[in-house]
Amino acid sequence: MATEKENQKEQSFYSYRSVAKCLSAGISFLTDHFWHLVKLSLPVAIPLCLVLAASIYVSSDVSLLANPVNLLMTEGVLTFLLVLLTAAFVGFVFNMVRMKSEELDLRTVRLKDAYKKPFFKLTVNAFVVSVIFMVVAFGFGWLMMKSMMREAHDMSEVVENVVGAIIVLLIMIAVFVPTGFCLPNVELGEGSLMKKFWKGYKLGWKKWAKLFALTLVVGIIVGVVSILLMSPAIVISLMQRNASLSLLEGDAVHLPSLFPLWEVVVLLISTFLMTILSWIQYLPLAYLYASVKDDMGEDKGALPMI
């Protein structure tokens, strides 16, 4: 008799699952093919972790701290590259998800297969969705805060601002939780990009509770592990930044001569592990999306695969 674990592995991608099973299936997706997926992802994972490490490193560089304009320009370029490379990584992840949904054996996928035409389309989709998220999130947040917050002159107005901030936070949670299905629907659905985006958002509203539950659990897991992974990088970067600021103020703090090298090594290791961890942000969500599609009896479109 097959075990429960074997039955779960044999279950098709577009099948109904509870929130807990979506989380379990997403983690199993990664662990079952871990080393092979890591090897396939290196062409996008390595540049991504390099840019992420560089964006942290420049914030502690003495020459850039002395010139705020150059620092701002450098951070702007790195942010653009970070968004672009993150989109490429997301495109790769959903390319693997598509192959899984087509019931292909991921162990047979080679490097050239992983970066065929669907990868580039998925990357462009992820980049556009990322830009939309950033623009809407910052714009909506700024408008909400501007409408709810007032200049405080006494304690009652301070309390009003605190209550207003809480209300803004709750509204933003309510409004932005459904966006969790925008990316999966854009990457896995059919139709024009914007049509898929809005359809995913409406689907998120219909399944708000499930989406919120999975987002909360995944957020806690990723948040806790991220703190553990990034703590060495944050500590060593703060040490370098404080030393750089002390030098600019004429009271230099002398760090070991190899300290910058160790900082780079720690940053690269931490950011690479964070890049691998980011799989957990997308895979359970993809399984929940597939579960909802199956539960609602919708057609599951797919791009032509290898």
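A few comments on the model shown:
- Residue tally, condition small (Gly, Ala, Ser) and surrounded by fewer than 22 Cβ atoms within 10 Å (Cβ to Cβ), over the range 172-220: 6
For (1) surrounded by 16 or more Cβ atoms within 10 Å (Cβ to Cβ); (2) modelled with pLDDT under 80; (3) under 17 Å from Ile56 (Cβ atoms), each residue gets a yes or a no:
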position: Ser231; (1), (2), (3): no, no, yes
position: Asp251; (1), (2), (3): no, yes, no
position: His254; (1), (2), (3): no, yes, no
position: Ser257; (1), (2), (3): no, yes, no
position: Val265; (1), (2), (3): no, no, yes
position: Ile269; (1), (2), (3): no, no, yes
position: Thr275; (1), (2), (3): yes, no, yes
position: Asp294; (1), (2), (3): yes, yes, no
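- Candidates are the residues of the range 80-124 that are of a type in the set (S, T, N, Q) and modelled with pLDDT of 90 or more; the one that is surrounded by the most Cβ atoms within 10 Å (Cβ to Cβ) is Asn95.
- Verdict on Tyr201 being of a type in the set (Ser, Thr, Tyr), over 22 Å from Ser28 (Cα atoms), part of a helix (DSSP H, G or I) and modelled with pLDDT of 85 or more: yes
- Selection status of Lys210, of a type in the set (D, E, K, R), at pLDDT 85 or above and either within 19 Å of Ser278 (Cα to Cα) or assigned to a helix (DSSP H, G or I) (or both): yes
The values are calculated or read from the model by the stated rules, or taken from the named source; none is laboratory data. These numbers come from a predicted model, not from an experiment. Glycine gets a Cβ as well: all are built from the backbone with ideal geometry, and neighbour counts include every protein chain shown.
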